[in-house]
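Here's the structure, in structure tokens; my notes come after.
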Amino acid sequence: MKNALLTATTAAFLAGTAIVASADTVTLEPGQDTNMVLLPKFLGILVFDQANEGAQEAHAELQNPGELLFQGPTPENSVAGQIEIMTTSATQGQGAVMLSNNAGDQIAPAAQAALDGGTRVVTWDSPIPSGDGEDVFVAQVDFGSIGIVMADMAHSILGGEGKMAVLSATPDAANQNAWIASMQEALEGDKYAGIELVDIVYGDDQSEVSYNRALALYDQHPDLGVIMSPTTVGIQAAAKAMQDEGLCDEVKVSGLGLPSEMVSYTLNGCAPEFALWDFRDLGYLTYYTAYGLATGQLTGDIGETFTAGRMGDYTVEEDPGRPGAKRILMGPFTVYTSDNVEAAAQ
Amino acid sequence: MTGLLTRMSPQTLRIVALLAVLMAVLLFFATQIDNYLTGRLFNRISSSVAIMALIATGQTLVILTRNIDLSVGSIVGFVAFATGSLIAALPGLHPVALVLFAMGLGGLFGAANGLVVAYARIPAIIVTLATLAIFRSLLVEFSDGRSITSNTLPDWLVSFPNTTVFSIGDFDFRAGFLAAFLVVIIVHLALNKLRAARRFYAVGSNPEAAEMAGIDTKRTVFTAFVLCGMLAGLAGFMFLARFGNITVVAGFGFELKSIAAAVLGGVNIFGGSGTVIGAFIGAVLVDLIETSLVRWPLVSEFWREAVLGTLILLAVTADAILMRRLIKLRTDREAARDHERERAAERDRATHAEAGS
Amino acid sequence: MTAPVLALRSVSKRFGMTRALDDMSIDLHAGEVHAIVGENGAGKSTMIKIMTGIHQPSSGHIEVGGTRTVVDGPHAARDAGIAAMYQEPMVFPDLDVAENIFISSTREGVLQNTRDLHRRADALIARIGMQVDVDRIASGLTLAEQQAVEIARALSQDVRVLIMDEPTASLSAHEAAQLRGIAAKLAAQGVAVVYISHRLEEVFEIAHRVTVIRDGQHISTQSIDAVTPESMIADMVGREVGNYFEKTPSTATDNVILSVRGLGLAGVFRDISFDLRRGEILCMAGLIGARRTDVALSLFGITPADSGEIAYKGQPIDVRSPAQAIRAGIAYVSEDRRKLGLAMPMSVRSNISLATLGHFLSPAGFLDRRRERETAEAYRDRLNIKTPDVDAAVDMLSGGNQQKVMLANWMAMQPDLLIFDEPTRGIDVGAKAEVHALIREFVAQDGAALVISSDLPEVLAMADRILVMREGEQMAIIDHADATQEYIMALATGQAALQKAS
């Protein structure tokens, strides 16, 4: 007990000197005590567990004597469960909640109440669309650039000429919708004049629905060249469907996928190119941000720059996609091909 | 034509009516969608219906006893994941052992449902609504965020459902579909030929009478749930083989689809009547409507669920009206026959009376 | 003489405070048709339920073939060769006839051979002399055919005792004759047939012996040759009227409030005609299946009649719904307190104001709790309702007090015509007398009451006139002066001609 107290005092002292020492880039002082909650869309999805690993890594690195809880709703109860956990965390006086939002703006009142009660709210992966009740959004990549990357992958697979269809998650998923919109914008450019976007369908992020939708896309558009799926469940299901039906020569699959799930399809040519960012890094950066805010070392004001451990320096900026909201842009992402996918899948 | 129809049993009539509705749906979409009526459509539907056919078969057994199982989707999900984990850990496991594992595990879940429903006498809709959430939460806990991916599965498993066993023209008959169809036929025969299975009908038809007649209604209901769990387990195995990628949302919403299939297939939601063949055709119909809607440009994504619901309602209504007509035709004939018989009896009595006086 | 196939030995059965069976002993022999007769509520149903294992005796025991046996459920009864069939047959509507017969059989193989099943079903149906297609679905069968199915099911199990509870009550004359034929045939084949019926002529036609029970007690068992309808009715009725209730003096006026002519409902009742005057109590007497309640439900608009005329307060009226009846000032107090009359978990106060909620609404449409409470308190005093306070839940009260709450509910409406269905069933004698007085008090204040009662002493104590029904038909309307229990019972059992002759 005495020891802990001593450490805390030292840490506070060091923190003070740190701010004085470097006014531009904040270096977070480790060892400060704050309890935090990492709240994914729901439990049981690999990428969220990877984000948790990254957050735990940062938690250890920053020697936070407090607790980092990985808490999420069950899949059938995602929206109500997220709101409930948000409210409970605020009542418990948690230092910060790190939220991958699956509840749209419905969660804003609960998040605002948490903010008002002194709990910081940092979103990651999927923000609160209105920006209400949120300190800052840790964006995995620039949403605009995802559109360009997807357009580029389609361009390279089609050789500049052909038909493309999109297989998304749910019709009301904020992040996927933003990415698709940015891709449609990118397709306006001259470079992509030969690419025609023929259809957008939704697989609800369920294997069987996505699988059947992918086949239906092919049936409906027999001259389809590529299925673009900006969701890890969808791209995997689409690739499996094309492989099962022996269609990989005609229709390629691309989008956002996990190397470990996609490696065989990339090697056999069903999904020659796909992209993703590192969810471990995303969790790691999110933790640094939330820790800084919860311990008062960061204000979260626009222009503030801080060092996030091994990942380097990041700056709080205006979110171009959501007027009035703030983001920290992680970026970049990796495009996987047969050259690098095996190494990443390990 | 009417002569033929009146001679058929109501069961057969029901299937004829369903096939008529199926035809109508096919013809309708053929006018709406280009390149619709092809062998490919058959291949799509037959491959994807294999899983739902098994679940709807199990659901039918439970509904026959005047109960319902809302937890089948969660059972499918859990079994798919657990079976995937097992084969990933023991790649050399014999296929039969793996299937038995899947069915056994499903049966255990079914037994849990059955125990509470039959012996604690709690309404099935409450019990299975609870286990729907409980089994899913168990999966979340058990999976610990991992997902099963097809590259961890042996080749025999992944390639099994899509192996074409034989083809007729453009129509491929694949192993997954044939296996599911075989199970449906076996259950159908068992329901018609096994004395013990007839009790499902008796219990659902009139539970009070069944009790009075000395039928062990509790054991009958329990058995129905166990069998439903086993079939859901088998469906979980098929799910794993077909999709390879199993996350915690596997089997989501299957309970409602299976109930829709069963009811559409003429299984009385209040128990006592219906066939698994009917439920099978019901499953085909649901799958067909769903698949076709995706390809129907007139309906946007946001309206698809509503249109699906409406079409199912329409199909059920059309089927019910058709059935009522056919049954009325039959009873009219029977009534006429009875009337004839009654009159003959009266004439008899009259002559007797005269003779007596 | 060989041991009886089934015997009750000093069997008593109590339900809470009520004694449904009291020291009942009876022997049933192979090959006999043994009729059991008694008034409504004499304990016949309880006796059957003891024999079929649905109820267990509170004391006493059962002997099967001379051996003391515990029959602890339908299973055990079936194993002992005891089967029962009821007025409403227990069939499986979705199964065909053959399956209905054999579904519960314990002696079938694992597989079901449809052709063989149908052949054996045909044989059983033929054995009882009926004509039914065994591949028909049971839901389409007539009542008589369903009963045939039930008998065949019992036969498939080597039945030794077949209990038939009012089997002919819902059958046409022809069908009933057919069924009696079956019963006689089965007895000839060595089955002990227990035959329960309100139709005394049936009893005389087929029974070998008759047991009369009354108030749960065994009164007599005699050979059919030793009894006459008169002696049987005397045994069934058998008590001194004076011991029970005082006749309340008539308050009838000449002012006819309700006039019914030729009222009928297809297949249920027909040709009911009577006048009811202000100040009068008209009782409807009859046995189970007499359709008295159905007449009441028609008058109250729940199941409107399809023929005949009703004049109410001098005007023709066509009652199509209870709401309309209530508006016209007609109230119906149900026989089944739980199902139709009271909201059991709600308070006495709420129940009293249930039918007249509109009277307690403030101009703004809110419930005036104070006025509601005052009214409830007033009725509590007037009807002597024993409850700790008017906020107590109704299901905490005794049956008699529940009945009074229900009375209060309808009297608060201040109706002109009250229809009571079995107003004192299941309540104690003291409370009964109170209810009688209340009904008389009500009619004395220019009201009129139509009372359905199966309790003959009660009928004699209350009624100014008595309408006797039997199987949907009006047998007679008799003045109180001419009424005796025996005469009413004779009318109700269809023995009136015989009674008058004596």
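The values are calculated or read from the model by the stated rules, or taken from the named source; none is laboratory data. Only a predicted model underlies this, so the values are computations on that prediction, with no experimental measurement involved. Positions of Cβ are backbone-derived with ideal geometry, glycine not excepted, and every protein chain shown enters the neighbour counts.
Going by the structure shown, is residue C:400 at pLDDT 80 or above and not aromatic (Phe, Trp, Tyr)? In short, no.
Answer yes or no as to whether residue A:313 is touching a Gly at 6+ places or on another chain (Cβ under 7 Å) and either of a type in the set (D, E, K, R) or within 14 Å of chain B (Cβ to nearest Cβ) (or both). In short, no. For residue A:163, only one of the following conditions fails: (1) in contact with a strand residue (DSSP E or B) (Cβ under 9 Å, 6 or more places away or on another chain); (2) within 13 Å of chain B (Cβ to nearest Cβ). What is its number? Result: residue A:163 fails condition (2) only. Do we have residue C:98 as surrounded by 15 or more Cβ atoms within 10 Å (Cβ to Cβ) and either free of Cβ contacts under 8 Å to residues at least 60 places away in the same chain or within 16 Å of residue C:163 (Cβ to Cβ) (or both) here? So residue C:98 passes the test.
Only residues that are within 7 Å of chain C (Cβ to nearest Cβ) and in contact (Cβ under 8 Å) with a residue 24 or more places away in the chain were counted across segment B:203-227, and they come to 2. Exactly one residue out of A:75, A:40 is assigned by TED's automatic domain parsing to the domain that holds residue A:299, modelled with pLDDT of 85 or more and either crowded, with 18+ Cβ neighbours inside 10 Å or under 21 Å from the mean Cα position of the chain (by Cα) (or both): that is A:40.
Reported count of residues in segment C:39-81, each being more than 14 Å from chain B (Cβ to nearest Cβ) and at positive phi, is 5. Exactly one residue among B:241, B:261, B:279 is surrounded by 24 or more Cβ atoms within 10 Å (Cβ to Cβ), in contact (Cβ under 8 Å) with a residue 60 or more places away in the chain and within 14 Å of chain A (Cβ to nearest Cβ), and that residue is B:241.
Within segment C:192-203, not a single residue is part of a loop (DSSP other than H, G, I, E, B), in contact with a Lys or Arg (Cβ under 7 Å, 6 or more places away or on another chain) and crowded, with 20+ Cβ neighbours inside 10 Å. Among the residues of segment A:170-197, those that are touching an Asp or Glu at 6+ places or on another chain (Cβ under 9 Å) and within 11 Å of another protein chain (Cβ to nearest Cβ) comprise A:170, A:171.
Residues in segment B:110-143 that are within 14 Å of another protein chain (Cβ to nearest Cβ), farther than 20 Å from residue A:40 by Cα and touching a helix residue (DSSP H, G or I) at 6+ places or on another chain (Cβ under 7 Å): B:128, B:131, B:132, B:135. Restricting B:175, B:97 to residues that are hydrophobic (A, V, I, L, M, F, W, C), in contact with a strand residue (DSSP E or B) (Cβ under 7 Å, 6 or more places away or on another chain), closer than 17 Å to residue B:237 by Cβ and free of Cβ contacts under 8 Å to residues at least 60 places away in the same chain narrows the list to B:175. Considering only residues in segment C:386-427 that are touching a Phe, Trp or Tyr at 6+ places or on another chain (Cβ under 7 Å) and not in a strand (DSSP E or B), the one that is farthest from residue C:290 (Cα to Cα) turns out to be C:412.
So, residue C:146, is that one out of contact with any Leu (no Cβ under 8 Å at 6 or more places or on another chain), in contact (Cβ under 8 Å) with a residue 40 or more places away in the chain and either closer than 27 Å to residue C:269 by Cα or not assigned by TED's automatic domain parsing to the domain that holds residue C:32 (or both) or not? When the stated conditions are applied, residue C:146 passes them. The single residue among B:200, B:177 that is more than 10 Å from every other protein chain (Cβ to nearest Cβ) and out of contact with any Leu (no Cβ under 9 Å at 6 or more places or on another chain) turns out to be B:177.
When the test is whether a residue is crowded, with 24+ Cβ neighbours inside 10 Å, under 22 Å from the mean Cα position of the chain (by Cα) and among the β-branched types (Val, Ile, Thr), residue A:286 passes it. Would a scan of segment A:225-244 turn up a residue that is modelled with pLDDT of 90 or more, at the interface with chain B (Cβ under 9 Å from one of its Cβ atoms), surrounded by 23 or more Cβ atoms within 10 Å (Cβ to Cβ) and within 22 Å of the chain's Cα centre (by Cα)? Yes, there is a match, as at least one residue in segment A:225-244 is modelled with pLDDT of 90 or more, at the interface with chain B (Cβ under 9 Å from one of its Cβ atoms), surrounded by 23 or more Cβ atoms within 10 Å (Cβ to Cβ) and within 22 Å of the chain's Cα centre (by Cα).
Wholly within segment B:56-156, which helices (runs of 4 or more DSSP H) include no fewer than the required count, namely at least 2 residues that are crowded, with 24+ Cβ neighbours inside 10 Å and aliphatic (A, V, I, L, M)?
Counting at least 2 such residues, we get B:72-89, B:124-143.
Which one of C:156, C:139 is within 28 Å of residue C:71 (Cα to Cα) and among the hydroxyl-bearing types (Ser, Thr, Tyr)? Sole residue among the options that is within 28 Å of residue C:71 (Cα to Cα) and among the hydroxyl-bearing types (Ser, Thr, Tyr): C:156. Answer yes if at least one residue in segment A:50-68 is without any contact (Cβ under 8 Å) to a residue 40 or more places away in the chain and surrounded by 20 or more Cβ atoms within 10 Å (Cβ to Cβ), and no otherwise. There is no residue in segment A:50-68 that is without any contact (Cβ under 8 Å) to a residue 40 or more places away in the chain and surrounded by 20 or more Cβ atoms within 10 Å (Cβ to Cβ). Within segment C:373-412, the residues that satisfy the criterion of being of a type in the set (Ser, Thr, Tyr) and in contact with a helix residue (DSSP H, G or I) (Cβ under 7 Å, 6 or more places away or on another chain) are C:375, C:379, C:387. Does residue C:36 satisfy the condition of being within 14 Å of chain B (Cβ to nearest Cβ), surrounded by 19 or more Cβ atoms within 10 Å (Cβ to Cβ) and within 21 Å of the chain's Cα centre (by Cα)? In short, no. Checked against the criteria, residue C:91 counts as within 11 Å of chain B (Cβ to nearest Cβ), more than 30 Å from residue C:220 (Cα to Cα) and either modelled with pLDDT of 85 or more or assigned to a strand (DSSP E or B) (or both). The set of residues in segment B:146-161 that are in contact with a strand residue (DSSP E or B) (Cβ under 7 Å, 6 or more places away or on another chain) and either more than 9 Å from chain A (Cβ to nearest Cβ) or aromatic (Phe, Trp, Tyr) (or both) contains only B:148.
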